[in-house]
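Working notes, beginning with the structure itself.
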Amino acid sequence: MNNTEAVVIGAGQAGLSSAYHLRRSGFEPGSGFVVLDHSPGPGGAWQFRWASLTYGKVHGMHALPGMELTDADPSRPSSEVISAYFDRYERTFDLRVRRPVDVRAVREGPDGRLLVETSDGVWSTRALINATGTWDRPFWPRYPGQETFRGRQLHTAQYPGPEAFAGQRVVVVGGGASGTQHLLEIAPYAAATTWVTRRPPVFREGPFDEDAGRSAVALVEERVRQGLPPRSVVSVTGLPLNDAIRRGLEDGVLDRQPMFDRITPDGVAWNDGRHVEADVILWATGFRAALDHLAPLRLREPGGGIRVEGTRAVADPRVHLVGYGPSASTVGANRAGRAAVRDIRRLLAGELTEAVAA
């Protein structure tokens, strides 16, 4: 049994930000806190991104607290650039991330502590920062006939890059940023592409300013307060109408079709009789929060989400969710990491006990 004051699960942007603020607040690696990460190396979900997603194509990557990302080559894969940056960050601030470690369950322990059961032993802790993100839980919708499809089906999480679709007929499902990026990349290689979405995409004109950002965060935050699963960022903000998107709309690559009704052995079909032949269905349908290991704590509300105030789980003030809901962005994760550590310091000092009891 390993004893510590705080356990951070995950070493992506949210986990490293939290670890940084723990370190600055006087928590020492080991007895004060530990960071557990199941990935093989530094980089969070970025290390798994496809090679064609170069750093210059990344939107809204915000530096980790205390160390800027400078002089990055925009032509290099983002997986390489950001993994190297995270690695340097971990070493600079001596965060001592333990990996690969799989967290299997978090349970109630003795004396008001939590037990974090992992592939590398059990940690007993007074506080938990969950920063597991979403990459490990790709969302695959189900449609009639899906099992009969003779072609290939894959998710954004498995996207190999555009060259793999040369000469093929590809249906891309999903109205988010990944879906449009995939289409724009694949179209020059594929024999044909078809774009389908459940709802008509909303394209956002003009800059996404601070007021718009606050409004978007407020909408996501309200869902989390109600215990509902967070919605995707694009569902709130819309897609930025940049030059690449404009070209895609003009040349017909981004000619959106309504969602098909069923999948056939050789393609997809609508109830009005239309049918599109396909060799590949690419599901750019997003991700869900990876929270199954928290199930023993019974934090979920009837609506399916975990009710959160700030970063603190309402049902258990020892548990903080960072990078969840309104903090599921690089800048949001930084702020949430700081806020979580501030609350944990108050909790360990006994200042939150009375408020929680009330």
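Structure notes:
- Looking only at residues in the stretch 188-205 that are at pLDDT below 95 and assigned to a strand (DSSP E or B), the one that is nearest to residue 258 (Cα to Cα) is 203.
- Sole exception among (1) surrounded by fewer than 17 Cβ atoms within 10 Å (Cβ to Cβ); (2) at negative phi; (3) part of a helix (DSSP H, G or I) for residue 111, by number: (2)
- Residue match in the stretch 98-110 (condition: in the same structural domain as residue 298 (by TED's automatic domain parsing), farther than 21 Å from residue 289 by Cα and free of Cβ contacts under 8 Å to residues at least 60 places away in the same chain): yes
- Any hit, the stretch 78-94, residues being modelled with pLDDT of 95 or more and not in a helix (DSSP H, G or I): yes
- Test: residue in the stretch 51-65 that is within 16 Å of the chain's Cα centre (by Cα) and not in a loop (DSSP other than H, G, I, E, B): no
- Test: residue 134 is among the hydroxyl-bearing types (Ser, Thr, Tyr) and part of a loop (DSSP other than H, G, I, E, B): yes
- Of the strands (runs of 3 or more DSSP E) contained entirely in the stretch 255-340, those carrying at least 3 residues that are out of contact with any Asp or Glu (no Cβ under 8 Å at 6 or more places or on another chain), at pLDDT 95 or above and at negative phi fall at 256-258, 262-264, 280-283.
- Some residue of the stretch 67-90 being under 30 Å from residue 299 (Cα atoms) and either outside the structural domain of residue 333 (by TED's automatic domain parsing) or surrounded by 20 or more Cβ atoms within 10 Å (Cβ to Cβ) (or both): no
- In the stretch 271-323, the residue that is surrounded by the most Cβ atoms within 10 Å (Cβ to Cβ) out of those that are more than 30 Å from residue 16 (Cα to Cα) and in contact with a helix residue (DSSP H, G or I) (Cβ under 8 Å, 6 or more places away or on another chain) is 282.
- Subset of the stretch 39-60 [crowded, with 18+ Cβ neighbours inside 10 Å and either within 28 Å of residue 102 (Cβ to Cβ) or not assigned by TED's automatic domain parsing to the domain that holds residue 127 (or both)]: 39, 42, 43, 44, 45, 46, 47, 49, 50, 53
- The residue that is surrounded by the most Cβ atoms within 10 Å (Cβ to Cβ), among those in the stretch 145-165 that are in contact (Cβ under 8 Å) with a residue 24 or more places away in the chain and over 21 Å from residue 286 (Cβ atoms), is 151.
The values are calculated or read from the model by the stated rules, or taken from the named source; none is laboratory data. Bear in mind the structure is a predicted one, so any value in this text is a computation, not a measurement. Don't worry about glycine lacking a Cβ; one is built from the backbone with ideal geometry, like all the others, and counts go over all protein chains shown.
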